[in-house]
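S.K.: My structure is below; once you've seen it, I'll send some questions.
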Amino acid sequence: MGKVICIYNNQSESLKTTTVISLARNLAKEGKKVLIIDTNYEADVSLSFVSTIDNFLTSLYEVIMKDVDPSKITAAVHRYIDLLPANDDLIGVDIEVIGNPEKYPAPFNLIKEKCTKLRETYDYILLDTPSNFSLLSGNAIQFADQVLIPYAPDSSSLRSLQRVIKTIKDFSKRYHPSLEIAGVFAVKVNFETTLHQQIMQETRRYCVTESIPMFETFVANTPKTSGSLSQKPEHLSVYQELLEELKKAE
Ligand SMILES: Nc1ncnc2c1ncn2[C@@H]1O[C@H](COP(=O)(O)OP(=O)(O)OP(=O)(O)O)[C@@H](O)[C@H]1O
Ligand SMILES: [Mg+2]
């Protein structure tokens, strides 16, 4: 049975999508069969594999709102990686679902209900999420065994991380008691600045008090370069280390 990991943080540009793609590529190198579910209507993870979301006439939307079999929609984007894509149809889901409680009595269970059987096909299912707590990110967390939190340290980010962790814990208590917080994974770290060093120390202390792992592995801040970072070997090797840490914690 495949393991389901949701990559989530409210912080925008915290490498959620990059983390999903990089973990998938490393798992694929090990011969693991991976499904990526894109729950973000901006479809960044889908767009990293195709040039336009018009390639995907059907998406996660049809799965959760029209009862279409998800295995009919997944697209092979690599020998070992399939994608259940997003497109902008997902923008309307919150209103359709929240406005219709008779039809959707368990609004956070939509992805889980429709996608659980996919665990039989894949070794890993990775969910990319939007940068806010929405019906879709709630659905992604509800389907997951573990949530992994990529976190870019900056002057306001620790406060935001504390809110995110509180939200995940509140959600888990109410809807998904067996959810594990896999840990906080620092990204875009610049150890040359004392500010980053300080924030990293405070974050580690905070994670200890909350009994949440903080990974030793981190992604250094690198200037924007052309081409996809998630395909560069030095970048992928950091994610290989993250995978090793994740497996060790199992
Ligand atoms: N090591 C790095 N250092 C700095 N920037 C990076 C690094 N790796 C990736 N980036 C860039 O950071 C940006 C944000 O990355 P990404 O899209 O993965 O974040 P995200 O959390 O998914 O964002 P969003 O909130 O928009 O969904 C991208 O432009 C990406 O190319
Ligand atoms: Mg993203």
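S.K.: Name the single residue that is farthest from ligand 1 (Cβ to nearest atom) among those in segment 20-36 being assigned to a loop (DSSP other than H, G, I, E, B) and of a type in the set (Lys, Arg).
M.R.: Kept after step one, since they are assigned to a loop (DSSP other than H, G, I, E, B), are these residues of segment 20-36: 30-33.
Next, only the ones that are of a type in the set (Lys, Arg) stay: 32-33.
Details: LYS32: 21, LYS33: 23 Å.
Filtering segment 20-36 for residues that are assigned to a loop (DSSP other than H, G, I, E, B) and of a type in the set (Lys, Arg), the one farthest from ligand 1 (Cβ to nearest atom) comes out as LYS33.
S.K.: Continuing with this model, one more query. Look at segment 42-54 and say how many of its residues are within 16 Å of ligand 2 (Cβ to nearest atom) and part of a loop (DSSP other than H, G, I, E, B).
M.R.: Step one: list which residues in segment 42-54 are within 16 Å of ligand 2 (Cβ to nearest atom), which gives 42-50, 53.
Going one step further and asking which of them are part of a loop (DSSP other than H, G, I, E, B), we end up with 42-43, 48-50.
Residues meeting the conditions: 5.
S.K.: Could you pull out the residue among VAL184, VAL147, VAL219, VAL164 that is within 12 Å of ligand 1 (Cβ to nearest atom) and under 20 Å from the mean Cα position of the chain (by Cα)? Show your work before the answer.
M.R.: Working: VAL184 fails: within 12 Å of ligand 1 (Cβ to nearest atom); VAL147 fails: within 12 Å of ligand 1 (Cβ to nearest atom); VAL164 fails: within 12 Å of ligand 1 (Cβ to nearest atom).
Exactly one residue qualifies, and that residue is VAL219.
S.K.: Report yes if ALA220 is of a type in the set (A, V, I, L, M, F, W, C), touching a strand residue (DSSP E or B) at 6+ places or on another chain (Cβ under 9 Å) and surrounded by 14 or more Cβ atoms within 10 Å (Cβ to Cβ), otherwise no. If you could, list the steps in order and put the result at the bottom.
M.R.: Working: of a type in the set (A, V, I, L, M, F, W, C): yes; touching a strand residue (DSSP E or B) at 6+ places or on another chain (Cβ under 9 Å): yes; surrounded by 14 or more Cβ atoms within 10 Å (Cβ to Cβ): yes.
So ALA220 fits the description; yes.
S.K.: What are the residues in segment 38-90 that are polar (S, T, N, Q) and in contact with a Cys (Cβ under 9 Å, 6 or more places away or on another chain), if any?
M.R.: Narrowing segment 38-90 to residues polar (S, T, N, Q): 39-40, 46, 48, 51-52, 55, 58-59, 71, 74, 87.
Answer for segment 38-90, where residues must be polar (S, T, N, Q) and in contact with a Cys (Cβ under 9 Å, 6 or more places away or on another chain): just THR39.
S.K.: Report yes if GLU241 is more than 10 Å from ligand 1 (Cβ to nearest atom), surrounded by fewer than 18 Cβ atoms within 10 Å (Cβ to Cβ) and either of a type in the set (S, T, N, Q) or part of a helix (DSSP H, G or I) (or both), otherwise no.
M.R.: Details: more than 10 Å from ligand 1 (Cβ to nearest atom): yes; surrounded by fewer than 18 Cβ atoms within 10 Å (Cβ to Cβ): yes; either of a type in the set (S, T, N, Q) or part of a helix (DSSP H, G or I) (or both): yes.
Yes; evaluated as a whole, the condition is true for this residue.
S.K.: Something else now. Does TYR122 count as away from ligand 1 (no atom under 16 Å from the Cβ) and either in contact (Cβ under 8 Å) with a residue 40 or more places away in the chain or closer than 26 Å to VAL68 by Cβ (or both)?
M.R.: Details: away from ligand 1 (no atom under 16 Å from the Cβ): yes; either in contact (Cβ under 8 Å) with a residue 40 or more places away in the chain or closer than 26 Å to VAL68 by Cβ (or both): yes.
Yes: the conditions hold for TYR122.
S.K.: Let me confirm something: among THR52, THR39, THR17, THR58, which residue is among the polar types (S, T, N, Q), more than 10 Å from ligand 1 (Cβ to nearest atom) and under 11 Å from the mean Cα position of the chain (by Cα)? Step through it out loud before you land on a result.
M.R.: Values: THR52 fails: under 11 Å from the mean Cα position of the chain (by Cα); THR17 fails: more than 10 Å from ligand 1 (Cβ to nearest atom); THR58 fails: under 11 Å from the mean Cα position of the chain (by Cα).
Going through THR52, THR39, THR17, THR58 in turn, the sole match is THR39.
S.K.: Take the residues in segment 1-14 that are more than 9 Å from the chain's Cα centre (by Cα) and either among the β-branched types (Val, Ile, Thr) or closer than 16 Å to LEU118 by Cβ (or both); name whichever of them is farthest from ligand 1 (Cβ to nearest atom). Full working, then the answer.
M.R.: Residues of segment 1-14 that are more than 9 Å from the chain's Cα centre (by Cα), as a first pass: 1-4, 10-14.
Subset that is either among the β-branched types (Val, Ile, Thr) or closer than 16 Å to LEU118 by Cβ (or both): 1-4.
Values: MET1: 27, GLY2: 22, LYS3: 21, VAL4: 18 Å.
Here the answer is MET1.
S.K.: While we're on this one: Tell me which residues, restricted to segment 140-159, are within 24 Å of ALA86 (Cβ to Cβ) and either within 16 Å of ligand 2 (Cβ to nearest atom) or modelled with pLDDT under 95 (or both).
M.R.: Kept after step one, since they are within 24 Å of ALA86 (Cβ to Cβ), are these residues of segment 140-159: 140-152.
ALA140, ILE141, VAL147, LEU148, ILE149, PRO150, TYR151, ALA152 - these are the residues of segment 140-159 that are within 24 Å of ALA86 (Cβ to Cβ) and either within 16 Å of ligand 2 (Cβ to nearest atom) or modelled with pLDDT under 95 (or both).
S.K.: Okay, next question. Could you identify the single residue in PHE215, PHE185 that is touching a strand residue (DSSP E or B) at 6+ places or on another chain (Cβ under 6 Å), modelled with pLDDT of 95 or more and within 16 Å of ligand 2 (Cβ to nearest atom)? Quick ask: steps written out before the conclusion?
M.R.: Details: PHE215 fails: within 16 Å of ligand 2 (Cβ to nearest atom).
One residue alone meets the criteria, PHE185.
The values are calculated or read from the model by the stated rules, or taken from the named source; none is laboratory data. This structure is a prediction, so every number in the text was calculated from the model and none was measured. So basically every Cβ, Gly included, is an ideal-geometry build from the backbone, and we count neighbours across all protein chains shown.
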